[in-house]
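Working notes for the structure below.
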């Protein structure tokens with residue numbers, strides 16, 4: 001197996017608050033564009049975030065949509081946050097739950113879970129899908145916890161304005177508000193919508209912070225970020241964002257959990273544990289998703 005080790009680099013841009021700018025790499029999943037920001041070659045994690053994908057926007061004709069067959073996870077929790085569209089989640093706990101715009105499905109893999117992600121009730125009509133899929137590593141003492149799934153309707157997430165910026169607090173604490181979404185380690189996750197000319201100082205008190213531009217243009221220190229770019233703050237610093245146009249930004253961060261190994265859908269601080277998970281999937285020892293007969297085989 002070939003592993004990606006999640007090592008934290010040291011600051012290389014002294015004199016400013018931006019450690020680096022990450023450019024995503026894109027791939028086409030059959031009419032469905034994904035821009036992967038984390039892990040990257042220069043930065044594997046930001047706080048507990050080990051995976052950050054910008055999905056779409058994608059347009060599907062009637063009868064077509066996302067179809068991700070059952071696959072396993074260990075050692076992480078996942079959040080799929082949609083701006084548009086719907087995805088139907090099914091898992092080995094027996095949960096069947098649609099995820100819709102601005103709601104949160106928090107799936108905790110722990111010692112192991114299997115799930116599928118398929119088109120929702122909009123399958124029979126023309127539809128759009130656009131959002132962010134992220135994985136968060138679990139702390140060392142939580143990596144083998146029981147799997148779990150919790151749905152948080154959009155109305156339960158705090159929405160407010162700060163310095164003319166409209167914010168939805170997905171996880172963590174910021175500006176006197178707190179999200180109800182479970183954190184296994186201190187985590188910051190926000191959606192921010194800027195009118196042109198607005199400025200926002202991001203919360204401090206988190207080990208690591210980064211800002212990703214979904215759309216628009218944001219100035220951070222001496223850098224201007226466009227769509228698809230992420231600015232990572234130097235350790236111990238936060239960021240001040242200035243919108244040069246109407247902009248849509250996601251903010252992530254939190255506690256540095258230390259080194260993690262990532263292979264396929266598995267995350268752990270132990271290579272041996274990942275190898276065991278691979279063997280378990282190959283040999284059919286994971287629980288199955290009720291009603292699903294397909295599955296994604298273990299990669300070579």
So the angle from the long Cα axis of helix 271-282 to the longest Cα principal axis of the chain, reported in degrees to the nearest 10, equals 40 degrees
Extend 7 Å from the Cα of residue 146 along its Cα-to-C-beta direction; within the stretch 96-134, residues with backbone N under 18 Å of that point are 96, 106-114
Across 234, 145, 192, the residue with the highest GNM fluctuation in the chain (Cα network, 10 Å cutoff) is 145
note: the stretch 96-191, Cα-Cα separations exceeding 21 Å make up a percent value of 43 percent
Checked the stretch 47-86 against the a/c 1.5 cut and the a/b vs b/c comparison, axes a ≥ b ≥ c from its Cα gyration tensor; verdict oblate
With bins of 20 Å, the percent of all Cα-Cα pairs of the chain per bin from 0 is 34, 60, 6
Here the stretch 248-300 gives, from Cα atoms, an Rg and Dmax in Å of 15.3, 44
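Work out the P(r) tail for the stretch 137-226: percent of alpha carbon pairs separated by more than 19 Å, whole number.
50 percent
Suppose the chain between residue 59 and residue 215 were pulled fully straight at 0.36 nm per residue; how much longer would it get relative to their current alpha carbon spacing?
Working: separation 156, 0.36 × 156 = 56.16 nm, distance 1.74 nm.
Taking residue 59 through residue 215 to full extension adds about 54.4 nm, to one decimal.
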Taking only the alpha-carbon positions of the stretch 218-269 as identical scatterers, the Debye log10 I(q)/I(0) at q = 0.31 Å⁻¹ comes out as -1.32
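Bear in mind these aren't lab numbers, they're just calculated from the coordinates by the rules spelled out. These numbers were taken from a predicted model, which means no experiment stands behind them. Positions of Cβ are generated from backbone atoms using ideal geometry, with glycine treated the same way; all protein chains shown enter the neighbour counts.
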